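Following: one structure in structure tokens, then a few remarks.
The values are calculated or read from the model by the stated rules, or taken from the named source; none is laboratory data. As the structure is a prediction and not an experimental result, all values here were calculated from the model. When we count neighbours, we look across all protein chains shown, and the Cβ atoms used for this are built from the backbone with ideal geometry, even at glycine.
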Amino acid sequence: MGHPTRLLLGVSGFLALSGPLVAQEGVLRGGISTSDGRPVRGATVAVVGSHLIAFSDPSGEFVVLHVPVGPQQLRVTAIGFRPTTIDVTVDAVPAAPIRVALEQLASVLGDIIVQAPSRIPERVVEAPAAVSVTDMAAIPAVATTGQLPMALAAHPGIDLAETDVHDFNVNARGFNSSLTRRVLVVQDGRDLAIPVLGSQEWSGLSLPLDDIARIEMVRGPGSALYGANAFSGVLSITTPAAREVVGTKVSAGGGDPSVLRGDLRHAGLLAGGRIGYRLNVGYTRNPLWAISRTQPGDLAREYAEAIDTVKYPVVHPVPGFEVLPLRGQTLSNGLGSAATGSADHEEDVYGGARFDYYAPNGSVFTAEAGGAHATNNLFVTPVGRVQVNAVNRPWARLAWAAPRYYLMAWWTDRHTTDPEQSLASGMTIFDQSHVFHLEAQTNQALFGGKGRNVLGGSVRSASTNTKETLLGAADDQRNDRSVSAYMQVEYGPSRQWRVVAAGRFDAGDLFPAQLSPKAALVFSPSASQSIRLTFNRAYKTANVLEYFIQFPAGSPADFSGIEEALRASPLGPSLSNVPDGTLFTNSASVPVVVRGNPNLDVEHVTSYEIGWKGQFGPRVFLTLDAYYSRLSNFVTDILPAVNPTYGPWTAPAEVAADSRAAVEQAVQDILVGAGQEVAAAGLSRLQDGATAIVFSIGNAGRVSEHGFEATAGLRLTDALSLDLNYSLFRFRVDAASLASGQVLKPNTSPNAFNVGLAYTTPRLDARAMLHVVEGFDWASGVYVGRIPSRAPIDVSVGWQAQSWLNVHAAATNLLNQRRYQVFGGSVIGRRALLGVTMVR
């Protein structure tokens, strides 16, 4: 009997044994607000001594069902407020609504609850990792942008780089790339990565940002609990259960430049509150920041407004332009000519449905499904820009959550309904890939209540079919499997001390067995301060494409001019036996290709961290985190001359033996002199002996990195607060096996700073944030250049016009500072948006 069948039978047994309804039950209704009357969204309302829990909606209202009649205690907690416990009496007949006013604080560190660091709830002050939580009070205005990564803009230590409207790199602690895979992103435990790439496709989300309940960012290695690719961090997104958002919500918005957005969500309860449902549908339309680059020099002209192109020359990869314009445009006069017409807008349609069963013992069974259909999305890859003409991203999830155990099965799929197009090479790309995942987890108290453990395991199957557009026939239509088991044990001999040890075992078809250990010591001298020491070891595996890709990185390069120059030089006689036009096999058409490396080793990181968190009175909150990490078997981005299979180009055998070295050097000198250092480094020969410019991926030895992250939260008055954070990053190459002239780039700013100001009253929430990012060098695949410094300002305003009506506005890059954030990405301008949300 297969795993899915056993899971479904287990769920059926659970429902059959969940028992009859409690004979005498009541309902508690009420509202949570600040002391000055402003609704508090997302407050936790728990019946003390039971598993009954509810959350306040955007209007501050809550409902707790099936509460035993008689005297009870309610404990209300919310980030930024002092916890409150009240006595209530529950009657079978509904009583008048309960009103709870919370005392607002800058941040009550000891009562912030996080789940991502240990996969079970714990106080943030005791978390064995550097973790930050998004302030969900700011989400309604940010949601107008439709860009979930923007919710991370205020987090310390995060590299947030926008390449186009829905193409973001979210990375932590260095070594970013065009398609970063060092941060694992999960939504309710479901991996959101594209199966074939392992990176994120943010347009594939099926829920709007303002319907997300919680966003946690764990910085630092996380493989001990999460496995592969939780290398530099884990981004955990939690969505609300149906009972947490009962009612109907309608949102609409738009603005400059030509943005439209609309969302509808309805949630309700059935069967006396035992069954909850949530339905949503949404639509967005955005123009691309991108412009076509179909003429020689287009990239340099596009970037001229963002950087000093004299000091930092902008060189487009071979052959110097893209062969295809953006969708909706045409070439005015064939290859290499200007693009005419207007590019099509990006459009996304998404939706989902969720059903929950709430058992009397506190268990919850969830069945949900959703999907997104995206058109005209554009993203930057190490081999050039790719336009996704049309793609579907359906998914489904079953989960059974109880206080001491958790079972989950999920499936996700990605398939192109209109093939993607490589703008650089003109090739079409097909993707039909899906993942099926089963996971189980349990936790229990240990050592007489002084400790606990978390034990879990998973099985995953990933299938890939590119119709030989990305993979060769021998490696396409793959089905790769992996298994894992993990455990974390904690022990607190006293209230001040906590010891954590964890480890995970993973094995799969694409990588050898891996063991990821973790250890932490947390000392809390008081409820509002802690010092943390952490050791972690994590790993990152190559994806299917990094192992096996076979793809043109651009249109062929014309080297006939180089051959003619050599024949006219003093080296000409040595080429007399080489037929004209064949010095480079076919000199007029030298392929520019990407080849995988099936011999890649798994990359590891060993990290040592020290952190401190502290609350000083009701108005000051500080954190400090420092780390030192060693990366071994460092895996490069797609670069020339990093795969030993493809060594430096050699002159044909027809060239006189005593002249071959001189010919080879002359070719290098000509390319370098023309500013084509990348082509010079990548000039090689394929396995059949044909000349090609080859990009690949390799292991490049050992790298050390260290950094520092600091945050400060200051409540200046009851309404005005100031938040600041600073991130420093440094690295050193300890040993490298790179070809001459190749240099590793971390693609990360050495210094980044954020400062935010928020003003809140019962009806008004206004925020402004300045992001300061120091410029740095970039090298990712065919794109090598300089990232300019930037200092954009983002602002948002939310106004509670009525208890059911919220008006919000947001402007990103308010002063329209024109910058690109990834070399090869688009120049990002201002977005000014207005929206309304109605909740009933």
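Checking each residue in region 161-202 for being touching a Pro at 6+ places or on another chain (Cβ under 6 Å) and part of a strand (DSSP E or B) picks out 168, 170. For region 470-479, a tally of residues being part of a loop (DSSP other than H, G, I, E, B) and either among the aromatic types (Phe, Trp, Tyr) or within 26 Å of the chain's Cα centre (by Cα) (or both) returns 1. Within region 813-840, being part of a strand (DSSP E or B) and either aromatic (Phe, Trp, Tyr) or within 30 Å of residue 802 (Cα to Cα) (or both) holds for 820, 831, 832, 833, 834, 835, 836, 837, 838, 839.
Every residue, every condition in (1) under 19 Å from residue 680 (Cβ atoms); (2) at pLDDT 95 or above; (3) touching an Asp or Glu at 6+ places or on another chain (Cβ under 8 Å), yes or no:
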site	(1), (2), (3)
572	no, no, no
578	no, no, yes
593	yes, no, no
600	no, no, yes
603	no, no, no
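Taken over region 371-385, residues that are assigned to a strand (DSSP E or B) and buried (at least 21 other Cβ atoms within 10 Å of the Cβ) amount to 10.
Residue selection: residue 361 satisfies the criterion of being among the polar types (S, T, N, Q), touching a residue at least 40 places away in the same chain (Cβ under 8 Å) and surrounded by fewer than 18 Cβ atoms within 10 Å (Cβ to Cβ).
Please note which strands (runs of 3 or more DSSP E) are completely contained in region 517-605 and include at least 2 residues that are within 30 Å of residue 382 (Cα to Cα) and either free of Cβ contacts under 8 Å to residues at least 24 places away in the same chain or more than 25 Å from the chain's Cα centre (by Cα) (or both).
Details: elements: 529-540, 550-557, 590-595.
Output list reads 550-557, 590-595.
Those strands (runs of 3 or more DSSP E) of region 693-798 in which at least 3 residues are over 17 Å from residue 640 (Cα atoms) and either of a type in the set (Phe, Trp, Tyr) or out of contact with any Gly (no Cβ under 7 Å at 6 or more places or on another chain) (or both), considering only elements entirely within it, cover 702-715, 720-735, 751-760, 764-773. Screening residue 778 against (1) surrounded by fewer than 16 Cβ atoms within 10 Å (Cβ to Cβ); (2) touching a Phe, Trp or Tyr at 6+ places or on another chain (Cβ under 6 Å); (3) closer than 30 Å to residue 595 by Cβ leaves a single unmet condition, (1). Here residue 680 meets each of (1) out of contact with any helix residue (DSSP H, G or I) (no Cβ under 6 Å at 6 or more places or on another chain); (2) in the same structural domain as residue 557 (by TED's automatic domain parsing); (3) under 18 Å from residue 642 (Cβ atoms) with one exception, condition (1).
Restricting attention to region 474-497, the residues being among the hydroxyl-bearing types (Ser, Thr, Tyr) and loosely packed, with under 15 Cβ neighbours inside 10 Å number 1. Checking the stated criteria, residue 442 turns out not to satisfy the condition of being of a type in the set (S, T, N, Q) and either under 25 Å from residue 346 (Cα atoms) or surrounded by 20 or more Cβ atoms within 10 Å (Cβ to Cβ) (or both). The listed residues are 582, 606, and the only one of them that is over 23 Å from residue 731 (Cα atoms), among the β-branched types (Val, Ile, Thr) and either touching a Lys or Arg at 6+ places or on another chain (Cβ under 8 Å) or surrounded by fewer than 19 Cβ atoms within 10 Å (Cβ to Cβ) (or both) turns out to be 582.
Checking the condition outside the structural domain of residue 709 (by TED's automatic domain parsing) and not aromatic (Phe, Trp, Tyr), which residue from 296, 221 passes?
On the way: 221 fails: outside the structural domain of residue 709 (by TED's automatic domain parsing).
Result of the check over 296, 221: 296.
In this structure, residue 695 does not qualify as of a type in the set (Phe, Trp, Tyr) and surrounded by fewer than 17 Cβ atoms within 10 Å (Cβ to Cβ).
Within region 631-652, the set of residues being among the hydroxyl-bearing types (Ser, Thr, Tyr) and under 30 Å from residue 579 (Cβ atoms) comprises 645, 646, 650.
Given the criteria in the same structural domain as residue 209 (by TED's automatic domain parsing) and either surrounded by fewer than 15 Cβ atoms within 10 Å (Cβ to Cβ) or more than 29 Å from the chain's Cα centre (by Cα) (or both), does residue 312 qualify? Here the answer is no, as residue 312 does not meet what is asked.
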